[in-house]
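No lab work stands behind these numbers, since they all come straight from the coordinates. All values reported here derive from a predicted model rather than from experimental measurement. Here the Cβ positions follow ideal geometry from the backbone for every residue, glycine too, while neighbour counts run over all protein chains shown.
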There are 2 protein chains.
Amino acid sequence: MTTEAEQTANGSRNHAASHRVADYLRAAILSGEIGPGERIRQEDVAERFGASRLPVREALRILEAEGLTEHEPHKGARVPSLSMRDLSVIYQIRERLEPLALTESIPNLSENDLRELDRLQQRIEADTGIDEFLALDREFHLMTYTGCRVDQLSMMVVRLWNSTQHYRRAFMKVSGSGRRWVINAEHRLLLDAMERRDSVDAERHLAGHIRRTRTELSRHPEVFGGPTP
Amino acid sequence: MTTEAEQTANGSRNHAASHRVADYLRAAILSGEIGPGERIRQEDVAERFGASRLPVREALRILEAEGLTEHEPHKGARVPSLSMRDLSVIYQIRERLEPLALTESIPNLSENDLRELDRLQQRIEADTGIDEFLALDREFHLMTYTGCRVDQLSMMVVRLWNSTQHYRRAFMKVSGSGRRWVINAEHRLLLDAMERRDSVDAERHLAGHIRRTRTELSRHPEVFGGPTP
DNA sequence: CTATGCTAATTTGGATCCAATGTTCCCTCG
DNA sequence: CGAGGGAACATTGGATCCAAATTAGCATAG
């Protein structure tokens, strides 16, 4: 599962233009280049992408179905803003879904995958900037689900990550780096359980990891004030 | 939550043509008119719908993102076939997600909603044909989630129902009507817990209901052989 | 008689053009 | 001076046209 493939939120290597545009826009939204509430004009995208508006329109329909954009007839597309309640429920969904994905994945992970996860965690523990941390953390978690062979489940998980990416960044910026220490410990416990192929234990650690993040997040309502003026 | 609105899998009353076509195709797939493995030709749909191919193309992108169709460049769209494992995992997802949606929903349900649910259950208990039963059962369950105000969660639930609709029909046809008795009892227990606003109990009954259906389903592998020759 | 390769027809993908709707800005009237 | 209306502009939605790719059918050679 390459980073590129993850972004597409589906395993198919469908490289029609609509999908390339969708990937481009998805990346722009995930990177924060396009923030919540911001509008997306079809012609701008078409021009920047060097194509006509048609593939852009199809791409916007895809993103709409993924929940990454909202549409109003004759008004266009914008990135939706989430409320604290929305975000909290999304974390509750993750808390129930991702352990399942993990259990589905663990039997299919190779020893090599596990070594790669270990290397990733070492890079996470190095003192990097926030953006690099976010990217690595995302890569780490999604990689633990690499072995999950059920497309619909992996897709759902990736989409949950996608729709919260912006708020995760805002959260990291205000919550300080004290949490990184906790996160690393939790990752280590998770990795240990995975190396023992102990699904039950791994599920428990993962659910706790997500639940604690949600709790911490709920203490920072200022995350919602900043980027949507 | 009207039946029509449910089908769209999102609360927005976005009645652009692409969405009307998407609704039309979705209904055709759910009703079994278009079965797994079957191909969808753009021009056919456009003609039958009295529009050009463009809205159809956008609609197909939407359905693709919803997992209701697969696409290959220059080959077109088809309804994907699910394996027994896929279906089983989808039921495991439902077993974890729907109880959450129920808990989110229960506090927001009016007394009137509950009475309506009761009437629905009475209609389910009447001895109807399979297709009517499937429609009513779907309406019943989705109605229990009416109070869930988190779009992403309701959307996920509806899509899980959508992607399994065809196999649920096939299952009912082979499993005989003995199960209906069990289903009715489980629905009654669920309704009772909901009327007491006991989320914990309701979650337990719902999870059990879904789990037992999955178990029963796994005893009927012939469901996958029939409709996809 | 079968297999392979070429050609023609079908179907999807993309671009441009036109129509419908929404928005903005300015002018006029109270 | 402010509010309301209208016209010009900007943006999205839909239809038709053309190009690219795949598939199917046929002919020919082994």
For n ≥ 4 DSSP H runs only, could you compute -39500 (n - 2.57) per run for chain A, divide by its residues and tell me the 222 nm figure to the nearest 500? -22500 deg cm²/dmol
Identify, among A:LEU136, B:ILE106, B:GLN92, the residue whose Cα sits farthest towards the positive end of the charge dipole of the protein assembly as shown, taking +1 on the Cβ of Lys and Arg and -1 on the Cβ of Asp and Glu, with the dipole about the Cα centre. A:LEU136
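Short version: what are the Cα gyration tensor semi-axes of segment B:130-203, square root of 5 times each eigenvalue, largest first, in whole Å?
Its equivalent ellipsoid spans semi-axes of 23, 18, 9 Å.
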Per residue of segment B:96-104, in order, report the coupling 6.51 cos²θ - 1.76 cosθ + 1.60 (Karplus, θ = phi - 60°) as ³J(HN,Hα) in whole Hz, putting x for Gly and Pro. 9, 7, 5, x, 4, 4, 5, 4, 5
Are there GluC sites (Glu not before Pro) in segment B:13-74 that DSSP marks as loop and that have at most 11 other Cβ atoms within 10 Å, and which are they? B:GLU33
Tilt of helix A:17-30 relative to the longest C-alpha principal axis of chain A, in degrees (0 to 90, nearest 10)? 60 degrees
Considering chain B as a Gaussian network with a 10 Å cut-off on Cα pairs, which listed residue, B:ASP127, B:ASP198, B:ASP118, attains the greatest mean-square fluctuation? B:ASP127
If I take every Cα pair under 8 Å that is 6 or more residues apart in chain A, average their sequence separation and divide by the length, what percent do I get for the relative contact order? 26 percent
Around B:ALA77, which amide H atoms from residues at least 5 apart in sequence, or from another chain, sit under 5 Å from its own amide H, with H modelled in the peptide plane? B:ILE40
Work out which trypsin sites (Lys or Arg not before Pro) in chain B are exposed loop sites (DSSP not H, G, I, E or B, at most 13 other Cβ within 10 Å) and give the longest gap free of them. B:76-195
Helix B:130-144: angle to the longest alpha-carbon principal axis of chain B, degrees 0 to 90, nearest 10? 70 degrees
Among the Cα-Cα pairs of chain B, the proportion with separation greater than 32 Å, in percent, is 20 percent
Any idea what angle helix B:199-217 forms with the longest principal axis of chain B, computed on alpha-carbon atoms, 0 to 90 degrees, nearest 10? 60 degrees
